[in-house]
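See below for the structure under consideration.
No value in this document is a laboratory result; all are computed from the given coordinates. Here the structure is a predicted model, which means the values were calculated and not measured. Every residue, glycine among them, receives a Cβ derived from its backbone with ideal geometry; neighbour counts consider all protein chains shown.
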């Protein structure tokens with residue numbers, strides 16, 4: 001799984017590969033780390049890295065926003081799928097006026113999660129697009145009302161195609 005994490009305005013490229021029940025290889029900006037990580041209670045994880053043990057408290061906020069606590073240190077982390085980041089940048093993120101949800105790459109519309117007239121929140125899932133053998137839930141570029149759905153389930157779309165318009 002590939003992700004982009006932002007901590008204190010610093011961006012990190014992450015690749016996470018599960019090696020066993022609790023073991024993971026986490027590549028951070030090209031450097032591999034082997035980690036043993038297990039949820040011991042709701043929102044509390046035990047993590048071992050380089051023979052050091054850490055208790056990590058995780059509090060999930062709005063989509064992709066996580067607050068973590070390592071002992072006395074607290075970090076706000078925003079985690080996004082690279083495709084979602086491309087989409088957010090392409091759509092200009094939630095300003096005034098209508099906004100279009102566009103396909104960042106060719107794919108298949110697997111599922112539409114809203115209908116015309118629905119009120120939606122910023123980042124709320126609008127549809128699921130399968131691209132490069134991965135399901136990607138595409139979120140709303142802004143809060144508003146679904147004005148127009150230009151695709152239907154099963155449609156193949158090209159990069160840049162307008163899928164849904166939000167006002």
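Listing for the model above:
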quantity: Label-point separation in nm, residue 17 to residue 130, each point 7 Å along Cα→Cβ; calculated: 2.6 nm
quantity: Taking segment 2-80 and dividing mean pair separation by its residue count, relative contact order in percent (alpha carbons under 8 Å, at least six apart); calculated: 22 percent
quantity: Crossing angle, helix 82-91 versus the chain [Cα axis fit, 0-90 degrees, rounded to tens]; calculated: 40 degrees
quantity: Chain lengthening between residue 24 and residue 1 when straightened (0.36 nm per residue, less Cα-Cα); calculated: 7.2 nm
quantity: Fluctuation leader among 31, 157, 128 - the chain, Gaussian network, Cα springs under 10 angstrom; calculated: 31
quantity: Alpha-carbon Rg with Dmax, taken over segment 2-80, Å; calculated: 12.5, 33
quantity: Whole-Å distance, taken between Cα centres, linking segment 149-163 and segment 11-34; calculated: 33 Å
quantity: Calculated Rg/Rh (Cα atoms, Kirkwood Rh) (choose from [x] 1.16; [y] 1.03; [z] 0.95), label; calculated: [y]
quantity: The chain: most fluctuating residue of 116, 51, 11 per GNM, C-alpha cutoff 10 Å; calculated: 51
quantity: Expected 222 nm ellipticity per residue - DSSP helices of 4 or more, -39500 (n - 2.57), all of the chain, to 500; calculated: -2000 deg cm²/dmol
quantity: Choice from 17, 78, 102 with maximal GNM fluctuation in the chain (Cα, 10 Å cutoff); calculated: 17
